[in-house]
Every structure is written in C-alpha cells, then in structure tokens.
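Below: one structure, written as structure tokens.
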Amino acid sequence: MKGKNKHVTQIRVRYGETDQMGFCYYGNYAQFLEVARVELLRSKGVSYKMLEEEGVLLPVRTFSIKYISPSKYDDLLKIETEISKLESSRIEFTYQIRNEKKDLIATAVTELVFLDSGTMKPINAPEKIQTLV
C-alpha cells in the first residue's frame, strides 16, 4: 500500500464477536473501523488523546458499510484505511476489509467532523491533520 494517508491494521475476530451462525456480528465492524482509523492517525503522529487535550473532538457524522463476504471466528482481518477527503471541518476515511486469503469482506466509508470541545461547534481541521492529505 502506498501513500502518506493510508495504513493497514490487523484485527483477529474473537469468539465473542461471532453470532449464532458463526459469522462475525455485523455491529462489530463499526468498532473495527474505529480501531483502524485511530491507528492510521497514530501512525502519522496524531492521537485522539492529543486532539482531545487540544480541545478538538472528532465525532462520526456518517457511516456506510457494504458487506460482501462473512468473516468468522479466528479470521485475521486486514483493514486498509485511507484518508480520502478533507474539507475544512470534515474528514472522510475509506476502508477495505480483507481476510487472510485476501477475500474482500467489506468496504466502508466514515465521515467525521472536527468540533471545538468547549462550544461543540465545527472548526477547521487542525494543521497537523491538513498535512496528512
């Protein structure tokens, strides 16, 4: 994977994350994407903790996912995450989730908004984020 705004995170599906059919429960993917997004930023020297200490919050505005194939207990998932768009107070991440066989499990997009923690109003992306795109 190339590009300064991309990162790969690995997550193993745990037994407790599966449903009665033996598939990874669909609701878990939102958490997987959060881990991947946080790790992408961390790999670029930006942590959520640091942003929050600077008074910047980053709530999810939109979340969209397309499930293509199920993942199962003990599958090692690779989540390719990319910052696909940055517009003043919004940042968009795209994701591709694959298993160890490189089968495409899901694709997703999340959009987050930069907020001032004091006013809870949108603000421009911090400069350290702007340099990532």
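Structure data summary
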item	result
Within straight-line cross-link reach of LYS72, lysines at Cα separation under 23 Å, skipping those fewer than 8 residues along the same chain	LYS101, LYS102
Protection proxy ranking of 53-64, 6-17 - average other beta-carbon atoms within 10 Å, highest first	6-17, 53-64
Surrounding net charge for LEU40, when Lys and Arg each add one and Asp and Glu each subtract one, Cβ distance under 12 Å	+1
Aspartates and glutamates with Cα under 15 Å of LYS128, excluding same-chain neighbours fewer than 8 positions away	GLU52, GLU53, GLU54, GLU87
The chain, relative contact order in percent, only Cα pairs under 8 angstrom and at least six apart counted	29 percent
Cα centroid separation, region 1-56 to region 67-105 (Å)	9 Å
Neighbourhood charge, 13 Å Cβ-Cβ cut-off, centred on LYS72 and excluding it, Lys, Arg +1 and Asp, Glu -1	-3
Integer Hz, Karplus 6.51/-1.76/1.60 couplings in order for region 87-104, x for Gly and Pro	10, 6, 9, 10, 10, 10, 10, 10, 9, 10, 10, 10, 8, 5, 7, 6, 5, 6
Using θ = phi - 60° and Karplus 6.51 cos²θ - 1.76 cosθ + 1.60, couplings along region 57-70 (whole Hz; Gly, Pro as x)	10, 9, x, 6, 9, 9, 9, 9, 9, 10, 8, 10, 8, x
Folded to 0 to 90 degrees: helix 28-43 orientation relative to the chain principal axis, Cα	50 degrees
D_trans [Stokes-Einstein, Kirkwood Rh over alpha-carbon pairs] for the chain, 37 °C, 0.692 mPa s, µm² s⁻¹	212 µm²/s
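No value in this document is a laboratory result; all are computed from the given coordinates. Since the model is a prediction, treat every value here as computed from it, not as a measurement. Virtual Cβ from ideal backbone geometry, glycine too; neighbours counted across all protein chains shown.
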